[in-house]
Amino acid sequence: MKYRPGRDGATRQKIVELYKKHGRLTIREIAGELGLTGMAVRRHVHQLQADGYLEIACKRGHAHRPAMVYQLTSKASNLFPEQYGNLAVELLESLQELGGEDAIRLVFLRLKEKLNEELLLLMSSEDLEERLYTLASYQDKRGYMTSLYRSDDAMWILEEANCPILQVAASFRHACQCEMALFAEVLGAKVQRLECMAEGRRTCKYRIME
C-alpha cells in the first residue's frame, strides 16, 4: 500500500482492501467489518473519494434515504502490490521481437516450472483440501489477496482479488494460461477459470474439481 503511515492511513488501507476483496460496499457494511462507527468510516470514505480512489457505484435501499454503494476506481490499482508491470511488458515485447512467440512461451513455461517446484516442496499431503489451503496461502503471500471457499454446488473456489502482474497478463495471456496449468498440476485436479482480471473482471476465479 502507498498510504502514509499513521492511524488514518492504516484504517484507509483496511477499507480499500475490503473494497478490493468484496467489490461494492456501503459505509454501514464497512463499519460492520471494521467495528467502527458509521461516522468514522464516512470520513475515511469521503477522503478516499476526494483522493480519487473510490466512486459511487449505485444507490441501495429506500428511495427517500438510499444508501450509497461505493467501489474502487481504476486509480486505486496503484495502491496494491505490483511488480514493475511496464518494464516487464517492455522486456517481453523486446524478447518477442527477437525470438518470436516460441521465446515468450518458453519464458512462461520456465516460470511455471519454477513455481511448481516451490509449491511441491510445500505440499505435505495428498489431501486436496490441504493442498488447496497451501496453494491459497502461497498465492496470498505473493500479493494475490487469495480467498478459498465452497460454492453452492460444494465445489472449491479459489479467488484472487489482486493480480500483481496484471499489466503483463493483459498483454501476454500466456501468464493466465500458465497459472491455471500450474494450479492443476500442483493440486492434481481439474481447474476451470470462471473469471479473469486480464479480461476486465473484478477477480481471477477458479473452480477446482476432483
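The values are calculated or read from the model by the stated rules, or taken from the named source; none is laboratory data. In this text, all values refer to a predicted model and were calculated from it rather than measured experimentally. Cβ coordinates were reconstructed from backbone atoms using ideal geometry, including for glycine residues, and neighbour counts include every protein chain displayed.
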Exercise. Mind checking which residues of the stretch 71-89 are part of a helix (DSSP H, G or I) and either in contact with a strand residue (DSSP E or B) (Cβ under 7 Å, 6 or more places away or on another chain) or surrounded by 13 or more Cβ atoms within 10 Å (Cβ to Cβ) (or both)?
Worked result: 76, 77, 79, 85, 88, 89
For this session: Identify the residue in the stretch 172-191 that is more than 18 Å from the chain's Cα centre (by Cα) and not in a helix (DSSP H, G or I) and, among all such residues, is farthest from residue 125 (Cα to Cα).
Result: 190
For this session: From the list 111, 119, 128, 106, pick out the single residue that is outside the structural domain of residue 13 (by TED's automatic domain parsing) and under 30 Å from residue 75 (Cα atoms).
Result: 111
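This table checks each residue for (1) in contact with an Asp or Glu (Cβ under 6 Å, 6 or more places away or on another chain); (2) loosely packed, with under 12 Cβ neighbours inside 10 Å.
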| residue | (1), (2) |
| --- | --- |
| 125 | no, yes |
| 146 | yes, no |
| 151 | no, no |
| 166 | no, no |
For this session: Output the qualifying pairs, or none if there are none: Cβ atoms under 8 angstrom, residues six or more apart or on different chains, first residue in the stretch 102-124 and part of a loop (DSSP other than H, G, I, E, B), second residue not charged (D, E, K, R).
Result: 123/134; 123/186; 124/134
